[in-house]
Amino acid sequence: MSNSDQYQNQLAQDRLGLRITARLSEAADSLPHDISERLRAARVQAVGQRKVAPKQAVTRLAVSGSAGSVTLGQEHVGWWGRLAAALPLVALVMGLIAIDVIQDDNRASELAEIDAALLTDDLPPSAYADPGFSQFLKINSVQER
């Protein structure tokens, strides 16, 4: 008997149990109190004795229509398979390194442009550090608008 058949049988048993429980619950409303208490005690005892099947881990992936091509580490992959699995990671790392190098170059060229503009300007660099000069620039920028 396969796992699928066992699963189907378990589902059928569970459905039958639910139907029986529903019918018994409907009929229990019309019973006298002492009988319903005895039934409740018997139900608690029966549920306590029920054997619960232990959960089993899935060891293989059920793949429909592909002859089991997905192994998820269950079979020996070989060196080519490991290399093919590592290639995307290597490409990602190389891409991140390339982005970092390009960003560093862009940052260096931007700083060089700012330094060149400061050094070729008519004002000395010490003027930019003067708090009065920054206030003068703010006032002039407001007046120009």
*Whichever residue in the stretch 21-42 is part of a loop (DSSP other than H, G, I, E, B) and either surrounded by 10 or more Cβ atoms within 10 Å (Cβ to Cβ) or among the acidic types (Asp, Glu) (or both) and, among such residues, is farthest from the chain's Cα centre (by Cα)*: LEU31
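Determine which member of the set PRO124, PRO131 is surrounded by 10 or more Cβ atoms within 10 Å (Cβ to Cβ) and modelled with pLDDT under 85. Give the steps one after another, and end with the answer.
Values: PRO131 fails: surrounded by 10 or more Cβ atoms within 10 Å (Cβ to Cβ).
Result of the check over PRO124, PRO131: PRO124.
For the stretch 75-98, state whether one or more residues are among the aliphatic types (A, V, I, L, M), modelled with pLDDT of 80 or more and over 27 Å from the mean Cα position of the chain (by Cα). Let's see the steps before the verdict.
Of all residues in the stretch 75-98, those among the aliphatic types (A, V, I, L, M) come to 77, 83-87, 89-94, 96-98.
From the residues that got through so far, the ones that are modelled with pLDDT of 80 or more too are 83-87, 89-94, 96-98.
Then keep just the ones that are over 27 Å from the mean Cα position of the chain (by Cα); that gives 98.
Scanning the stretch 75-98, I find at least one residue that is among the aliphatic types (A, V, I, L, M), modelled with pLDDT of 80 or more and over 27 Å from the mean Cα position of the chain (by Cα), so the answer is yes.
The values are calculated or read from the model by the stated rules, or taken from the named source; none is laboratory data. The structure displayed is predicted, hence computed values, not measured ones. All Cβ positions, glycine included, derive from the backbone under ideal geometry; neighbour counts span all protein chains shown.
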